[in-house]
Structure formats: C-alpha cells, structure tokens
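This report refers to the structure that appears directly beneath it.
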Amino acid sequence: MKLTYRGITYQNNTSKVDTSTVEQTGTYRGVELHIMQRSARSPRTSDPLKYRGVVID
C-alpha cells in the first residue's frame, strides 16, 4: 500500500502477527467465570529503527 505523510510517500510493509488464545476459568463472589485472552507476539524486525534521522540499535 502506498502512503503519504506530509508530502513524503512511502511503501507500507505489513506483516502477520502470531496470536495465541488462552482460556481461563475462575470464581468471583461464588460465580464461575470463563475468560478468553488473546496475546500477540511481535517479531523483531531486521530493519533498523530510525527516529528523526538517527538510527536506533
């Protein structure tokens, strides 16, 4: 996808994020609860990060 911000065009490189779902069961004030949680693991990109022209390791 081609994007533009303040007159500068750049190409968006999207990546899939691996998610995992965990089901937990608990009791609160005598009532049984079922909770579904999703967590995402973001992989470390190989591209160097850059902030205002400075490369961050």
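Listing for the model above:
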item: Near pairs, Cβ below 8 angstrom, 6+ apart or cross-chain, from the stretch 33-52 (of a type in the set (A, V, I, L, M, F, W, C)) to any residue that is at pLDDT below 75 and exposed (fewer than 10 other Cβ atoms within 10 Å of the Cβ); result: A40/V17
item: Test: residue in the stretch 30-37 that is assigned to a loop (DSSP other than H, G, I, E, B) and not basic (K, R); result: yes
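The rows are residues; the columns are (1) of a type in the set (A, V, I, L, M, F, W, C); (2) surrounded by fewer than 10 Cβ atoms within 10 Å (Cβ to Cβ); (3) more than 21 Å from the chain's Cα centre (by Cα).
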site: T4; (1), (2), (3): no, yes, yes
site: G7; (1), (2), (3): no, yes, yes
site: Q11; (1), (2), (3): no, yes, no
site: S15; (1), (2), (3): no, yes, no
site: T21; (1), (2), (3): no, yes, no
site: H34; (1), (2), (3): no, yes, yes
site: S46; (1), (2), (3): no, yes, no
site: R52; (1), (2), (3): no, yes, yes
site: I56; (1), (2), (3): yes, yes, no
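The values are calculated or read from the model by the stated rules, or taken from the named source; none is laboratory data. All figures in this text were calculated on a predicted structure; none of them were measured in a lab. Using ideal geometry, Cβ is built from the backbone for each residue, glycine included, and neighbour counts are taken over all protein chains shown.
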